[in-house]
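A.B. asks: Below: one structure in structure tokens.
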Amino acid sequence: MKRWAVVVVALYLVILLALTWPVVVASLYPEVRPGQIREVFGWPQYWVWLAVMVCGQAVMLLVPVSVARERPIPRRSVIWPALASGLMMGLLALGVVGSVLEFVVQEKALDMAFEGNAWRGVAILSAAWAIWTILFYRISRGAAARDVVTKQCRYLLKGSILELLVAVPTHVVARYRDYCCAGVLTFIGIAFGLSVMIFSFGPGVFFLFAHRWKQLHPQVEGHGSQALDVGELQDERTHFAPQGQRDRMRRKYVWGVVGGLA
């Protein structure tokens, strides 16, 4: 199942990279034109944000992988998705604050956010991260591991929608105002909202892959009372199978997953 978690994380990375160009140009045109989009990929801040989102998605899938493999899940393991979800909620909170700030004080918002005052954004993010991590961890008490992740993803989806309902209108208003770098903070809010919204679908996509895999490869009992996935015993059962047969099995599985997504 780990391979499908890697696939989901890779898909998330590809989607974020693919959306960078259209979202930046649509939000900041004509200050940023299609020919200037290469400059975005030269910003260190962009790669830091990308690394945080991708690593967060990977951490979010730790519990789903254990659930799909039907392995015992220690209580302390639920802290990882709580931390990842809490960070995403912190980003949404930061996006809302930045969007409202630019809407209210206009050009002064940039000075308040960047000119030696970046610690304020870090403080808001840290406080929101800590609060939501505690809330998510408390919510997970007494709940099944799969339900914990599912509930957190629902909160993330709802939160990202609410954040976009704030960021998009304020961005439209900011772009019509005549001052330098209008709409930068609201654009950051839009970027956070979209990235967290896509982030919230990661565990669901993984469970879809895992469900389809189990349909094609029923579980077998082994090693005491613990069930093992047939995929983990592939080396023992199909190591000497003809290459053509293994290729047909792989194609059958891939097309089955595509059919499930459709």
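Bear in mind these aren't lab numbers, they're just calculated from the coordinates by the rules spelled out. No experiment lies behind these values; they were computed from the predicted model shown. Ideal geometry is used to build each Cβ from the backbone, glycine not excepted, and the neighbour counts take in all protein chains shown.
A.B. asks: So, in nm, how far is label Val168 from label Lys2 when the simple model puts each one 7 Å beyond its Cα toward the Cβ?
C.D. replies: Taking the two extended label points, one gets 4.0 nm.
A.B. asks: Could you calculate the FRET efficiency of Ala26 with Asp178 from 1/(1 + (r/R0)^6), where r is the beta carbon distance between them and R0 is 30 Å, rounded to 0.05?
C.D. replies: On the way: r = 20 Å, r/R0 = 0.67.
The value I calculate is 0.90.
A.B. asks: What list do you get for Val25, Val173, Val96 if you sort them by fewest beta carbons within 10 Å? It would help to have the intermediate numbers written out before the result.
C.D. replies: Numbers: Val25 18, Val173 15, Val96 23.
Arranged by neighbour count, lowest to highest, Val25, Val173, Val96 become Val173, Val25, Val96.
A.B. asks: Now a separate question. Output the Kirkwood hydrodynamic radius of segment 2-213, Cα pairs only, in Å rounded to one decimal.
C.D. replies: On the way: mean 1/r = 0.0555 Å⁻¹.
So the Kirkwood estimate lands at 18.0 Å.
A.B. asks: Also: List, in order, the whole-Hz ³J(HN,Hα) value for each residue of segment 128-138 obtained from phi through the Karplus relation with A = 6.51, B = -1.76, C = 1.60 and θ = phi - 60°; use x for Gly and Pro.
C.D. replies: Listing the rounded values in order: 5, 4, 5, 5, 6, 5, 5, 4, 5, 5, 5 Hz.
A.B. asks: Hey, another quick one. Give me the distance in nm between label points sitting 7 Å out from Cα along the Cα-to-Cβ direction at Arg76 and Val14, one decimal.
C.D. replies: Between Arg76 and Val14, the simple spin-label model gives 3.7 nm.
A.B. asks: Which whole-Hz couplings ³J(HN,Hα) result when phi for each residue of segment 92-109 is put into the Karplus expression 6.51 cos²θ - 1.76 cosθ + 1.60, θ = phi - 60°, listed in order with x for Gly and Pro?
C.D. replies: Values, residue by residue: 5, 4, 5, x, 5, 4, x, 5, 5, 4, 5, 5, 7, 9, 6, 5, 5, 5 Hz.
A.B. asks: Length gain on complete extension for the stretch Val122 to Lys158, per 0.36 nm per residue less the alpha carbon to alpha carbon distance? Provide the component values of the computation, followed by the final result.
C.D. replies: Numbers: separation 36, 0.36 × 36 = 12.96 nm, distance 2.34 nm.
Full extension of this stretch gives 10.6 nm more.
A.B. asks: As a footprinting exposure proxy, order Met88, Met197 by other Cβ within 10 Å, with the fewest listed first. Before the final figure, lay out each step's value.
C.D. replies: Working: Met88 30, Met197 19.
Ordered by Cβ neighbours within 10 Å, fewest first: Met197, Met88.
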